[in-house]
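Participant: My questions will all concern the structure given below.
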Amino acid sequence: MDDLDWLLDLLAGDLDSAERKLGNANTCSSVLNLLAIKLLKHDYQDIIRITDKFLISCKDVDDTGIKLLEYRILGDIALRRPEDIIWCLSMLRIPLLIFHVGHHLPLALLSFNQLLDERLSIFLRRKYGSPTVPVWICPLSRAVCFALYYAFRNGLFDELTRDQKYILTPYLSIVFASISRLSDAVNSLKNVINVSDGYMPRAALGKIYFLMDNPTRSFTELQYALAFAERDRMKGFEARVNLAQLYMLQGDYRLALDLITSALRIKPSPFARLVRGEILLNMGRLNEATIAFKALINTTNKFLRIRALINLSICYLEKKNPKQAFNYLWTAYMLDPNDEYIKLIATLLKRYQETGG
């Protein structure tokens, strides 16, 4: 059978035939295609069955796992299974609770400043220079986030126990914040804290206040979260990663490095390794930063891979090696050709290299 036979059937509107041809799906892409057809057919029970097969034993969720969870959440909403939604969102705990300040660090702009004329430099600083512009809010698509929001508004979670709501609310608050429902997010967390204070609601508030461009309040909430870290099953991992980034932003690199090191002792997360590399980069420890970023350029997580490549470019530009800087930056651009910032800097680097700058 031709690999595209199922797609031709789908385009012709023959969902049953397309489904049969994908029935023995054994690759990531074919499983996701099969789930899409199941969703079009409203076959939610089969979505549960298929995703169970792949997710039950899953410990660390990669990009494919996130897409599987999206289909699973939509199936659970349709079948009104709120307890299963808690399980799905719990698998996304780390990407939901952490934030990332992005690659537009002051050092990045200083490194590239030699390539820019004054007007372009001012433009980039205004557009990308704010240290509190997050680039990673929620791993779920906006469609799934809106589906969860309307499920919440329509009472899907009303019958959960208080303990279940306590677990669910921090995750939902980040989902709501990602679709600009910030007041719903903050109010739901404050209600939970008024009943029982703890790590998860405080850590979620820390992220949301950062998204609201209030790093001072974010810092306060994350410090509160750490006070409950010993009771948390991950010992405050996310709060440590986020606090490390806040300390980095204010130039307290030693404190930032201590916090991210303690986070890595809890969990050797690729994201925490990225943050550690960015701290080392800002400290001028270029060789250590280069090693940290090179360890991430083959990761399957596209977000982390692009950030590592951009930071490697900065490292080599700082080392006065524009050719290698361009190579890494161009690789990042090929992974995300729609990123105008990467394209602009890559073009400037190429021009700088060709003119012997």
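Participant: Consider the candidate values (1) -0.32, -1.11, -1.53; (2) -0.35, -1.08, -1.35; (3) -0.28, -0.95, -1.36; state which one is log10 I(q)/I(0) by the Debye sum over Cα atoms at q = 0.07, 0.13, 0.16 Å⁻¹ computed from the structure displayed.
Facilitator: Checking each listed value against the structure points to (2).
Participant: Along Cα→Cβ, 7 Å out, is where each label goes; now give me the distance between the ones at T347 and N154 in nm to one decimal.
Facilitator: Taking the simple label geometry, T347 and N154 are separated by 4.6 nm.
Participant: For a quick protection proxy, order the peptides 271-280, 40-49, 92-101, 230-239 by their average other-Cβ count within 10 Å, most packed first.
Facilitator: 271-280, 92-101, 230-239, 40-49
Participant: Report, by chain and number, residues whose modeled amide H sits under 5 Å from the one on H100, excluding near sequence neighbours (fewer than 5 apart, same chain).
Facilitator: Answer set, sorted by chain and number: V135, W136.
Participant: Going by how many other beta carbons lie within 10 Å of each one, how would you line up T161, T331, fewest first?
Facilitator: Going from sparsest to densest Cβ surroundings: T161, T331.
Participant: Where does the charge balance sit around R231 when Lys and Arg score +1, Asp and Glu -1, over other residues with C-beta under 14 Å from its C-beta?
Facilitator: That works out to 0.
Participant: How much length is gained if the chain between S183 and H42 is pulled fully straight, taking 0.36 nm per residue apart and subtracting their Cα-Cα distance, in nm to one decimal?
Facilitator: The S183-H42 span can extend by a further 47.5 nm.
Participant: With θ set to phi - 60° and the Karplus curve 6.51 cos²θ - 1.76 cosθ + 1.60, what are the ³J(HN,Hα) couplings of segment 137-149 in order, to the nearest whole Hz, using x for Gly and Pro?
Facilitator: 9, 9, x, 8, 5, 4, 4, 5, 4, 5, 4, 5, 5
Participant: Quick one: putting +1 on the C-beta of Lys and Arg, -1 on the C-beta of Asp and Glu, what dipole do you get for the chain around its Cα centre, in Debye to the nearest 20?
Facilitator: 1100 debye
Participant: Next question. Going by how many other beta carbons lie within 10 Å of each one, how would you line up R307, R81, R217, fewest first?
Facilitator: Ascending Cβ contact count within 10 Å gives the list R217, R81, R307.
Participant: Alpha carbon centre of segment 279-311 versus segment 237-258: separation in Å?
Facilitator: 17 Å
Participant: I'd like the distance separating the alpha-carbon centroids of segment 34-106 and segment 319-340, in whole Å.
Facilitator: If you average the Cα positions of each part, the centres end up 32 Å apart.
Participant: Apply the Karplus parameterisation 6.51 cos²θ - 1.76 cosθ + 1.60, with θ equal to phi minus 60°, to every residue of segment 38-49 and state each ³J(HN,Hα) to the nearest whole Hz, in sequence, with x for glycine and proline.
Facilitator: Running phi through 6.51 cos²θ - 1.76 cosθ + 1.60 with θ = phi - 60° gives 4, 5, 4, 8, 6, 8, 6, 4, 5, 4, 4, 4 Hz.
Where a number appears in this text, it was derived from the coordinates with a stated rule and is not lab data. Bear in mind that the values here come from a model prediction, so they are computed numbers and not experimental data. So basically every Cβ, Gly included, is an ideal-geometry build from the backbone, and we count neighbours across all protein chains shown.
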